[in-house]
Amino acid sequence: MMPKGMTVKTVRGKLPPLRAFAQIFLRTRFLLAIFMAGLIIMLWRNLSGPAANLQKFYCFGPAKSPLEISANEHNSWHAHQRTPILFNHHEPLVVDTQTIQNDDLNSIKSTPEAWKNKERVLILTPLRDASYYLAKYFDLVSQLTYPHELIDLAFLISDTKDDTKAALVQELQRIQKGVKPFRSVKIVEKDFGLSESQDVEVRHSFAFQGPRRKAMGRARNYLLYSALKPDHSWVYWRDVDIVDSPERILEDFMSHNKDVIVPNIWFHRYHDGHDIEGRFDYNSWQESEKGLALAAKLPKDTVLAEGYKEYETGRKYMAKMGDWRQDKDDEIELDGIGGVSILVKADVHRSGINFPAYAFENQAETEGFAKMAKRAGYKVIGLPNYVVWHIDTEEKPGNA
């Protein structure tokens, strides 16, 4: 009910306009008062809550010390939880520096079909005053049928008085610029103080054998440790003065799958138009009771030298066995070997079997190597009917 005399229009006319209300609400004092009032209300509500509510907000489970919780309460408390599992599959670690190398020797094998498996071969040849023999040496080596890209050559030049180094470099340039170069070539130089002549009378004299064999052992070890690489599967020791050998000698030896294997070493000598087939290498032998008894009586630093009357060992020499016309795959076990032509599985050398430059069981160099290999459990095998021909040195008799 409106008072008398008042109408709707009269009432509307007495109300302030909307613009006046807007000005009141948009004033800075009014807005600041609203903000402060809201802030005070929020602080009052947060601070006035009971302590029990705060504990309930922050603590899941019973309000007890962990030491007072029973096993059932512990399980109930953790029933809602699940242990997160993060599968961290690592990405490959990238090595971006050339100063760190990794060689996996587990993949290096020595198998009977090495050429099919692309197994690498290291051919090692010690040299001393050898310029005369190098042309023939490279003629024969270049004819090897084993893939040349899998063969590394290494030479050690020691105590040399002739032009061995120049002759070697000249022959290597001829071979490496040819149609079938080898994978790599390495030349090592190291003198051991040998001053004795290389004449046959001096080199093969009995008095010179001990010092000579020890020095040769050192030379072979220096060459081996300078040239052997992690990817080599086989090591082939080959003397410079071989005059004839089969082109498939590496494949033939590998097919036997032996730790150490050597051929028989003979030589050609022509007399009155006849070929006298001489037996050359008496360092490949089978031990005898007489030899063992003799060694037991000798000082430990004495080196036995085979083929000399000063030491009657009664050993069986492979040089006196066999015939190149017979089965070339016949095998015999040996206790000593010569160094003219030896094929060794590289892991034998890596296992520490080298050429003693001292008396090992009264043997040195290649014979000591064979003794050491057998002591370590490796097989040392000879092929009496597989003949490699050495140069005739004329100090040995004809057919034995």
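The values are calculated or read from the model by the stated rules, or taken from the named source; none is laboratory data. This structure is a prediction, so every number in the text was calculated from the model and none was measured. So basically every Cβ, Gly included, is an ideal-geometry build from the backbone, and we count neighbours across all protein chains shown. All accessible areas refer to the heavy atoms of the entire protein, side chains included, with ligands and DNA or RNA removed. Shrake-Rupley method; radii C 1.70, N 1.55, O 1.52, S 1.80 Å.
Check whether at least one residue in the range 328-337 is over 14 Å from Trp285 (Cα atoms) and in contact with a Ser or Thr (Cβ under 6 Å, 6 or more places away or on another chain), and report yes or no.
no
Report, ordered by the first and then the second residue, all pairs with beta carbons closer than 7 Å, sequence separation of six or more or different chains, a first member in the range 233-256 that is basic (Lys, Arg), and a second member that is modelled with pLDDT of 95 or more and not in a loop (DSSP other than H, G, I, E, B).
Arg238/Ile123; Arg238/Thr125; Arg238/Ser341
Taking the range 79-99 as the region of interest, how many residues are among the aliphatic types (A, V, I, L, M), at pLDDT 75 or above and either open to solvent by less than 100 Å² (accessible area, probe 1.4 Å) or within 20 Å of the chain's Cα centre (by Cα) (or both)?
So the answer is 1.
Confirm whether Tyr378 is of a type outside the set (Lys, Arg), assigned to a loop (DSSP other than H, G, I, E, B), touching an Asp or Glu at 6+ places or on another chain (Cβ under 6 Å) and open to solvent by 40 Å² or more (accessible area, probe 1.4 Å). Step through it out loud before you land on a result.
Numbers: of a type outside the set (Lys, Arg): yes; assigned to a loop (DSSP other than H, G, I, E, B): yes; touching an Asp or Glu at 6+ places or on another chain (Cβ under 6 Å): yes; open to solvent by 40 Å² or more (accessible area, probe 1.4 Å): yes.
Criteria met by Tyr378.
Looking at the range 268-294, which of its residues are more than 17 Å from Ala319 (Cα to Cα), touching a residue at least 12 places away in the same chain (Cβ under 8 Å) and open to solvent by 20 Å² or more (accessible area, probe 1.4 Å)?
Hits for the range 268-294 are His271, Glu289, Lys290, Leu294.
Quick one: which of Glu306, Glu312 is closer than 27 Å to Val387 by Cα and open to solvent by 30 Å² or more (accessible area, probe 1.4 Å)?
Glu312
Filter the range 358-377 down to the residues that are aromatic (Phe, Trp, Tyr) and within 14 Å of Val262 (Cα to Cα) and list them by number.
Here is the first cut: in the range 358-377, the ones aromatic (Phe, Trp, Tyr) are 358, 360, 369.
Listed by number, the list holds a single entry, Phe369.
Is it the case that Gly278 is outside any loop (DSSP other than H, G, I, E, B), of a type in the set (Gly, Ala, Ser) and closer than 19 Å to Arg375 by Cβ?
On the way: outside any loop (DSSP other than H, G, I, E, B): yes; of a type in the set (Gly, Ala, Ser): yes; closer than 19 Å to Arg375 by Cβ: no.
It is false that Gly278 is outside any loop (DSSP other than H, G, I, E, B), of a type in the set (Gly, Ala, Ser) and closer than 19 Å to Arg375 by Cβ.
Looking for whichever is surrounded by fewer than 22 Cβ atoms within 10 Å (Cβ to Cβ), more than 30 Å from the chain's Cα centre (by Cα) and closer than 21 Å to Ala114 by Cα here; the options are Asp392, Asp330, Asp347. Which one fits?
Asp330
Mind checking whether some residue in the range 100-116 is among the basic types (Lys, Arg) and either within 22 Å of Ile261 (Cβ to Cβ) or modelled with pLDDT under 95 (or both)? Don't jump to the end; show me each part of the working.
Here is the first cut: in the range 100-116, the residues among the basic types (Lys, Arg) are 109, 116.
This time we only want the ones that are either within 22 Å of Ile261 (Cβ to Cβ) or modelled with pLDDT under 95 (or both), so: 109, 116.
Within the range 100-116 (the criterion being among the basic types (Lys, Arg) and either within 22 Å of Ile261 (Cβ to Cβ) or modelled with pLDDT under 95 (or both)), the answer is yes, since at least one residue qualifies.
Please specify each residue of the range 210-233 satisfying the condition of being open to solvent by 50 Å² or more (accessible area, probe 1.4 Å) and not in a loop (DSSP other than H, G, I, E, B). Step through it out loud before you land on a result.
Taking the range 210-233 as the starting set, the residues that turn out to be open to solvent by 50 Å² or more (accessible area, probe 1.4 Å) are 211, 214, 216, 218, 222, 225, 229-230.
Listed by number, the residues that qualify are Pro211, Lys214, Met216, Arg218, Tyr222, Tyr225.
When the range 234-267 is examined, which residues are found to be out of contact with any Phe, Trp or Tyr (no Cβ under 6 Å at 6 or more places or on another chain), in a strand (DSSP E or B) and over 16 Å from Met318 (Cβ atoms)?
Across the range 234-267, the qualifying residues are Trp234, Val235, Tyr236, Trp237, Arg238, Ile242.
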